[in-house]
Amino acid sequence: MSEPLVMGIETSCDETGVGIVRGTELLADAIASSVEEQARFGGVVPEVASRAHLEAMVPTVQRALDDAGVTLEDLDGIAVTAGPGLAGALMVGVGAAKSYSLATGVPLYGVNHLSAHIAVDTLENGPIPEPAIGLLVSGGHSTIMMVEDLAGKVHQLGASIDDAAGEAFDKVARLLGLPFPGGPYIDKAAEEGDRGYVEFPRGLSAAKDMERHRYDFSFSGLKTAVARWIEMEKRAGKSIPVNHVAAAFQEAVCDVLTRKAILAAKEHGVETLLLGGGVAANSRLRAMATERAEDAGLTLRFPRPKLCTDNGAMVAALGSHLVAAGVAPSEMHFPANSSMDVTIVSLADAL
Ligand code: KG4
Ligand code: ZN
């Protein structure tokens, strides 16, 4: 089987995503989001997300099948995010995927959300040259991954020791009075801002930190620095220049992310750098990474913004890669694993 037809189901956070791919060709990418309900609370409420997944699941699967012009019986595999993510939200997707698999006899693949964020790039740019370094930046993770083999050999070189990059965007957006999720709003506001307006701290970049935390990130100090700066300006009776603060904050995040990811690639003799996850949709991150990768002689790849944020296509893309590589399907009794380790690409025979 050269071009497997695979459906992917994603429910790790607040997007109910169902994607269908044939090989590396995207046939459908249906999404239902509870983000508007979540925005009222200024963050994702797990219970609200789970309920929304349950309501959206069957119609979203139907929409994806219709868009792709295929039936469940045509599928060669059903892939589902088994973790990491919100436990209750994951359970809805895993339960649904098991039901579809049992009803049709189509093999089931429980997969890792982080590897799926990397695999989605195949839909845009074709097979990933291995080894590759993946910079995975989302609402829950900021991880530098070594991808030796996307079908099963992935490990972590470094990660955030506190807030994830996306979390920092969301928290700083809140400080600036911007809506949730903050990343896209900061991105937009920063277009009109001066990146050098304030020099915010670059976490874990000092010489002594580079010894112990060479490929790790820290964003909570940056968030606190922004909060303090805003507080001081307010106390002095000044108004907050939202565009400038957004641009200066974004610059600090992108500077450290790109610097460390490129360092990891160079020090491991890896020629390809891949960006994935919601924050990879950030226009400044993409521009800065492009510039710095070129200077370092690296090949840089990233998918279009819509494929960076959570979706079902990424899960289908990883599933399709696993089927093509001959990886065994998962046993029916696998659980949702909210803290699934980055090294587990799929639950082939993990139990
Ligand atoms: O990958 P994702 O959709 O979900 C998780 O797996 O967490 O990432 C969501 C995160 C949010 O924190 C959101 O603010 C951030 O990605 N994000 C962005 C942009 N678009 C989404 N951050 C910066 N710039 C953007 N354009
Ligand atoms: Zn994600």
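The values are calculated or read from the model by the stated rules, or taken from the named source; none is laboratory data. Predicted model only: the values in this text are computed from it and were never measured. Positions of Cβ are backbone-derived with ideal geometry, glycine not excepted, and every protein chain shown enters the neighbour counts. Ligands, DNA and RNA are excluded from the accessible area calculation, which covers all protein heavy atoms including side chains. Shrake-Rupley method; radii C 1.70, N 1.55, O 1.52, S 1.80 Å.
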Among residues of region 268-305 being free of Cβ contacts under 8 Å to residues at least 60 places away in the same chain and within 15 Å of the chain's Cα centre (by Cα), the residue least open to solvent (accessible area, probe 1.4 Å) is 286
Here, strands (runs of 3 or more DSSP E) confined to region 125-179 with at least 1 residues that are within 13 Å of ligand 1 (Cβ to nearest atom) and in contact with a His (Cβ under 9 Å, 6 or more places away or on another chain) are 132-137
Filtered residues of region 198-238 (kept if farther than 23 Å from residue 167 by Cβ and open to solvent by 50 Å² or more (accessible area, probe 1.4 Å))
207, 208, 211, 232, 234, 235, 236, 237, 238
Out of the strands (runs of 3 or more DSSP E) lying entirely within region 1-85, which hold 1 or more residues that are of a type in the set (Ser, Thr, Tyr) and surrounded by fewer than 24 Cβ atoms within 10 Å (Cβ to Cβ)?
25-33
Residues in region 118-143 that are open to solvent by less than 10 Å² (accessible area, probe 1.4 Å), of a type outside the set (S, T, N, Q) and within 16 Å of ligand 2 (Cβ to nearest atom) total 8
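One line per residue, one yes/no per condition, for (1) hydrophobic (A, V, I, L, M, F, W, C); (2) in a helix (DSSP H, G or I); (3) out of contact with any Ser or Thr (no Cβ under 7 Å at 6 or more places or on another chain):
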| site | (1), (2), (3) |
| --- | --- |
| 227 | yes, yes, yes |
| 231 | no, yes, yes |
| 234 | no, yes, yes |
| 238 | no, no, yes |
| 243 | no, yes, yes |
| 246 | yes, yes, yes |
| 251 | no, yes, yes |
| 254 | yes, yes, yes |
| 259 | no, yes, yes |
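Matching residues to (1) open to solvent by less than 60 Å² (accessible area, probe 1.4 Å); (2) under 26 Å from residue 40 (Cα atoms); (3) of a type in the set (Ser, Thr, Tyr):
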| residue | (1), (2), (3) |
| --- | --- |
| 99 | no, no, yes |
| 109 | yes, no, yes |
| 116 | yes, no, no |
| 159 | yes, no, no |
| 166 | yes, yes, no |
